[in-house]
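Notes follow the structure.
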Amino acid sequence: LELFGDKIVEELFCEWDRRTDSVKCVARGKLGELPLYEKPQKGAEGAQRALLEGIRIKGVENLPCWGRESLQLRARINFLNKLCAPSAPLCGEKQKWPAIDETTLLPALEGFVGGMAKWRDLEKLDIASVMDFILSESGHDRRELDRLAPSRMEVPSGSHMLIRYEGDEPTVEVRLQECFGLMETPKVAGGKVPIVMTLLSPAQRPIQITKDLAGFWKGAYQLVRKDMRGRYPKHYWPEDPFTAVATRRVRQNA
């Protein structure tokens, strides 16, 4: 330091430390190619870039902030994105919905991870707000999403059932008795895509999966009724599903 102090260069360096799952920022003193010392630096420029690299390495799918509601939100947005794909041209170019994936999430995260340096810090990340930002950047918002891909649907019994969008088609699971009075298959995406209805037994087991609810009531229901009456005699299995009143209970008049 005494002899070569004017030739010592200090460089700031930030990287993702895979061993500690955190950002490591240090100031390194070098004389030519000879490293002399290394001291930690907090709040260094480049820390955010290193954190984003860590997220890329570990994968946005594995972010600790994902929860049931945020995963459902992502699935709803991606469902509308698939409807706008060339193979399924159900919306015009101006209506194109974004895909929520690594390509869109990584650049969007930059404005939401300030002050974070560790993987566990990302538990506090408001991933729903990140997705709202992506929606806004593509010209959409949550109200439009709720209209085209609602998170729940009401059945005649008054229950609000979760619509799942993770698969190729939107699906709902609901007890058969709660659907009396629902004559037509519900649809989403502005009435373009039918919901696959999984009708459940009193034991919450699938007894019918259909996109043609009207056809089911007219045909297969009588076979289902005959079988279910033998298995669950205390439950409500009316002969005429068109005049029956939906119920959440064991029997309609219970």
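Just to be sure, is PRO150 of a type outside the set (Asp, Glu) and either out of contact with any helix residue (DSSP H, G or I) (no Cβ under 8 Å at 6 or more places or on another chain) or open to solvent by 30 Å² or more (accessible area, probe 1.4 Å) (or both)? Here the answer is yes, as PRO150 does meet what is asked. Being among the aliphatic types (A, V, I, L, M), under 14 Å from ALA75 (Cα atoms), modelled with pLDDT of 95 or more and surrounded by 16 or more Cβ atoms within 10 Å (Cβ to Cβ): is that true of MET161 here? Answer is no for this residue.
At least 3 residues that are under 27 Å from GLU110 (Cα atoms) and modelled with pLDDT under 90 in each: list the strands (runs of 3 or more DSSP E) lying fully within segment 8-50 that qualify.
8-17
Across segment 173-208, the number of residues qualifying as farther than 25 Å from LYS234 by Cβ and not basic (Lys, Arg) comes to 12.
Checking each residue in segment 51-64 for being assigned to a loop (DSSP other than H, G, I, E, B) and either under 30 Å from GLU2 (Cβ atoms) or of a type outside the set (A, V, I, L, M) (or both) picks out GLY59, PRO64. How about segment 220-248: which of its residues are out of contact with any Asp or Glu (no Cβ under 8 Å at 6 or more places or on another chain) and hydroxyl-bearing (Ser, Thr, Tyr)? Across segment 220-248, the qualifying residues are TYR221, TYR232, TYR236, THR243.
Out of LEU122, LEU145, which single residue is assigned to a helix (DSSP H, G or I), closer than 18 Å to LYS192 by Cβ and in contact (Cβ under 8 Å) with a residue 24 or more places away in the chain?
Going through LEU122, LEU145 in turn, just one is assigned to a helix (DSSP H, G or I), closer than 18 Å to LYS192 by Cβ and in contact (Cβ under 8 Å) with a residue 24 or more places away in the chain: LEU145.
Scanning segment 148-188 for residues that are without any contact (Cβ under 8 Å) to a residue 24 or more places away in the chain and under 15 Å from the mean Cα position of the chain (by Cα) yields ARG152, GLY167, ASP168. Has segment 213-225 got at least one residue that is open to solvent by less than 30 Å² (accessible area, probe 1.4 Å), aliphatic (A, V, I, L, M) and in a loop (DSSP other than H, G, I, E, B)? No, because not a single residue in segment 213-225 is open to solvent by less than 30 Å² (accessible area, probe 1.4 Å), aliphatic (A, V, I, L, M) and in a loop (DSSP other than H, G, I, E, B). If only one of LYS42, LYS24 is surrounded by 14 or more Cβ atoms within 10 Å (Cβ to Cβ) and not hydrophobic (A, V, I, L, M, F, W, C), which one is it? Going through LYS42, LYS24 in turn, just one is surrounded by 14 or more Cβ atoms within 10 Å (Cβ to Cβ) and not hydrophobic (A, V, I, L, M, F, W, C): LYS24. Of the residues GLY67, GLY139, GLY32, the single one that is under 30 Å from GLY5 (Cβ atoms), open to solvent by less than 70 Å² (accessible area, probe 1.4 Å) and not hydrophobic (A, V, I, L, M, F, W, C) is GLY32.
The values are calculated or read from the model by the stated rules, or taken from the named source; none is laboratory data. Just so it is clear, the model here is predicted, and its values are computed rather than measured. Don't worry about glycine lacking a Cβ; one is built from the backbone with ideal geometry, like all the others, and counts go over all protein chains shown. Please note that ligands, DNA and RNA were not included when accessible areas were found on the heavy atoms of the full protein model with its side chains. Shrake-Rupley method; radii C 1.70, N 1.55, O 1.52, S 1.80 Å.
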